[in-house]
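**Q** Here's a structure for you.
The values are calculated or read from the model by the stated rules, or taken from the named source; none is laboratory data. Values in this document were obtained by computation on a predicted structure and should not be read as measured data. Reconstructed Cβ throughout: ideal geometry from the backbone, glycine too, with neighbour counts over all protein chains shown. These accessible areas exclude ligands, DNA and RNA; they are computed on the full protein's heavy atoms, side chains included. Shrake-Rupley method; radii C 1.70, N 1.55, O 1.52, S 1.80 Å.
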Amino acid sequence: MTIREAFYIARTGRPGPVLIDIPKDVQNAWISPQSLEPVDLPGYSTGRKATAEQIDAVLDALRHARRPVIYAGGGVTCSGASKQVRAFIKKTRIPITTSLMGKGIYPENEELSLGMLGMHGTKYANYAVHESDLIISMGVRFDDRVVGNVQRFAPLAKIIHIDIDPAEIGKRLSVDIPVVGDLKAVLTKLNSKVNIPARQEWLDQIADIKSKNPLTYKDDGRLMPQFIVRALSRITRGRAIITTDVGQHQMWAALYYQCIEPRRFITSGGSGTMGYGFPAAIGATVGCPKLPVVAICGDGSFQMCIQELATARMYHLPVKIFIFNNGYLGMVRQWQQMFYNRRYSHTTLEFNPDFCQVAKGYDIPAIRVTEPEEVEGAINQALKTEGPVLVDFHIEREENVMPMIPPGGGQTDFISEGEA
Amino acid sequence: MQKIISILVRNHPGVLSHVAGLFTRRAYNIESIAAGETENPEVTRITIVVSGDEFILDQVTKQLEKLVDVIQVQDLKYSESVTRELVLLTIFVSVKQRQKVIATANTFDAVVLDISEKP
């Protein structure tokens, strides 16, 4: 019964982990399977339905807004509401920005996609939210990596917050129009009633901001991580399953891989767990054997679960491991450079193994890449080869993730390259 | 600002720990707490006085409702409830002072529950 309750709680409402603690004597006990009584948890409710008033308030706000933006996140994926979001955008022509967990809800190569929002988000997403007069947020929690300074977030905007968890609404900032309910259901209702014209002036303004603030990096013959992710995005046409570890490589993957489908960008998000990427990729390929799976890992992160090379080899799993090798705990080094005067403390991985040798030790083919000219060939070869493959990219060591808004900053407080 | 919250929870071990754990994690300050079985042996009532600003107190209620063991959360508004506080005082008195103390207690309708020699 406990196990059934645990699964029920884990999978309904706002999905999440449940811990089941089974002591040894219980493990060794004999049980007879119980008859299937319904699960009865008086303290647990699987979420409410949005009221008609809430829906009407949203529709009313949409009618009056001139500069609306959608901010969507992991909750949309949990609800399986990507289709409904796409239908909503088709009807309303409202541009969309996502959290890290929301990548792929809407195809990122489309004109109305603003990419990721927040500390390492695109400049245009941050500008758009800063100038917006209505933020329609769906399945997000306004995490501090996105919001920065709460007082200065979206200063001109009314905020609509749609979420299945009532505790999230108003948790970080005050919300003008709260809507508690399942996103799929709420959006289906909205889609059946919404009827507003496209705000062409706003769309023109957005297109202008986008063209004036593209994602950039120095393309000067060194092996740049952004170049690798771009190439991967192009070659897999944004449809591969990408898992990441935690750090600079994670942010480059988030910025430069253009996801076309939801549930393809698998990352630990707010948990920030190094060592996640490779095992997650193993799970992903077992679940989706027909899709290409690439684990993008840092050299620091990869060594936290490096022994799983044995698992990949044992089950001959077609996981492609791309190590973005810069010999540092990159993200921390970047912060030490920017905020602590380059006092690099315990972030230099002075000794790294030769990852290709390690892979070969596990009987896994490996490729080393040190020049940009080798990138495309290596990616193609890795994807073509059966079974697990490791690619060790020796990227530019002190490259920083840009753009960046420092902690506590407002959405236009970008650190300029020169200050880095 | 203070709030009195009355919670109905499932009566089994570990529940109080979950509630206290939530308060600790989120740094909500418990001013006082009392728990006891209700007329339904499967349900316990926990009454908590918590302090904080309005935003924090709103979050306390919402976060409590998320706990699986919590069946119901009630915000006891001062104007809508009858409240009593109970204080048990131990006073060390010499034989000479005893009468005076008892007289004072009577003035304030305090009840003397016990008199004994040794503390």
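**Q** Reachable lysines from A:Lys218, Cα under 20 Å, same-chain residues fewer than 8 places away excluded?
**A** Within the straight-line limit of under 20 Å, A:Lys218 reaches these lysines: A:Lys123, A:Lys210.
**Q** Along the charge dipole of chain A, pointing to its positive end and built from +1/-1 on Cβ of Lys, Arg, Asp and Glu, which listed residue (A:His64, A:Gly330, A:Asn213) has its Cα farthest out?
**A** Checking the options against the dipole of chain A, the answer is A:His64.
**Q** Quick check: at a probe of 1.4 Å, how many percent of the accessible area of segment A:316-362 sits on carbon and sulfur atoms?
**A** 54 percent
**Q** Which residues among segment A:171-206 fall inside the zone where the amide N is under 17 Å from a point 7 Å beyond the Cα of A:Thr51, along Cα→Cβ?
**A** Hits in segment A:171-206 for A:Thr51 at 17 Å: A:175-182, A:186.
**Q** Within 10 Å of each Cβ in A:40-46, how many Cβ atoms from other chains are there, averaged over the peptide?
**A** Mean partner-chain Cβ count within 10 Å for A:40-46: 5.
**Q** Each label point is 7 Å from the Cα along the Cα-to-Cβ direction; what then is the distance between the points at A:Glu111 and A:Phe339, in nm?
**A** 3.9 nm
**Q** In Å², what does the accessible area per residue of the protein assembly as shown work out to with a 1.4 Å probe?
**A** Ligands and nucleic acids excluded, the figure is 53 Å² per residue.
**Q** Here is a follow-up. Under a point-charge model restricted to the Cβ atoms of Lys and Arg (+1) and Asp and Glu (-1), what is the dipole moment magnitude of segment A:180-244 relative to its Cα centre, in debye to the nearest 20?
**A** I would put it at about 260 debye.
**Q** Further, regarding this structure: Cut-off 16 Å, label point 7 angstrom out along Cα-to-Cβ of A:Leu156: give me the residues of segment A:197-215 whose amide nitrogen falls inside.
**A** It comes to A:199-210, nothing else.
**Q** Within chain A, which is the longest segment that contains none of the chymotrypsin sites (Phe, Trp or Tyr not before Pro) sitting in a DSSP loop with at most 16 other Cβ atoms within 10 Å?
**A** That gives A:31-314 as the longest site-free run.
**Q** Need the per-residue list for segment A:153-179: every residue with at least 10 Å² less accessible surface in the complex of protein chains than in the chain by itself, probe 1.4 Å, sorted by number.
**A** A:Asp165, A:Pro166, A:Ala167, A:Ile169, A:Gly170, A:Lys171
**Q** Now for a different question. To the nearest µm²/s, what D does Stokes-Einstein give for chain A at 20 °C and 1.002 mPa s, using the Kirkwood radius over alpha carbon pairs as Rh?
**A** Roughly 93 µm²/s, to the nearest whole number.
**Q** Determine, from the Cβ-Cβ distance of A:Asp363 and A:Arg263 and an R0 of 45 Å, the FRET efficiency 1/(1 + (r/R0)^6), rounded to the nearest 0.05.
**A** Once rounded, the FRET efficiency stands at 0.90.
**Q** Given a 1.4 angstrom probe, I'd like the percentage of the accessible area of segment A:160-266 that is carbon and sulfur, rounded to a whole number.
**A** 48 percent
**Q** Further question on the same structure: Based on DSSP H runs of at least 4 residues, each adding -39500 (n - 2.57), what is the mean residue ellipticity at 222 nm of the protein assembly as shown after dividing by all its residues, to the nearest 500 deg cm²/dmol?
**A** Mean residue ellipticity, 222 nm, calculated: -10000 deg cm²/dmol.
**Q** Compute the distance from the alpha-carbon center of segment A:56-122 to that of segment B:1-51, in whole Å.
**A** 39 Å
**Q** Can you give the % of DSSP beta bridges in the protein assembly as shown that are antiparallel, to the nearest 5?
**A** 35 percent
**Q** Say the cut-off is 20 Å between C-alpha atoms; which of A:Lys49/A:Lys189; A:Lys90/A:Lys189; A:Lys103/A:Lys158; A:Lys49/B:Lys62; A:Lys91/A:Lys184; A:Lys360/A:Lys384 go over it?
**A** Result: A:Lys103/A:Lys158 exceed 20 Å.
**Q** Oh, and also: Buried accessible area for the A:B pair, summed, 1.4 Å probe, in Å² rounded to 100?
**A** 1000 Å²
**Q** Okay, moving on. Go through segment B:60-109 and flag every residue whose accessible area shrinks by 50 Å² or more with all protein chains in place compared to the isolated chain (probe 1.4 Å).
**A** When all protein chains are present, B:Lys62, B:Lys66, B:Val68 each give up 50 Å² or more of accessible surface.
**Q** Another question about this same structure. Using Cα centres only, tell me the gap between segment A:163-236 and segment A:359-420 in whole Å.
**A** Answer, in whole Å: 24.
**Q** If you don't mind, another one. Per the 1.4 Å probe, what fraction of the accessible area of segment A:25-99, in percent, lies on carbon and sulfur atoms?
**A** 54 percent
**Q** Note down the magnitude of the dipole of the protein assembly as shown about its Cα centre, charges +1 on Lys and Arg C-beta and -1 on Asp and Glu C-beta and zero elsewhere, to the nearest 20 debye.
**A** 760 debye
**Q** At A:Ala185 and A:Cys288, where each label point lies 7 Å from the Cα along Cα→Cβ, what is the point-to-point distance in nanometres?
**A** Output for this residue pair reads 2.8 nm.
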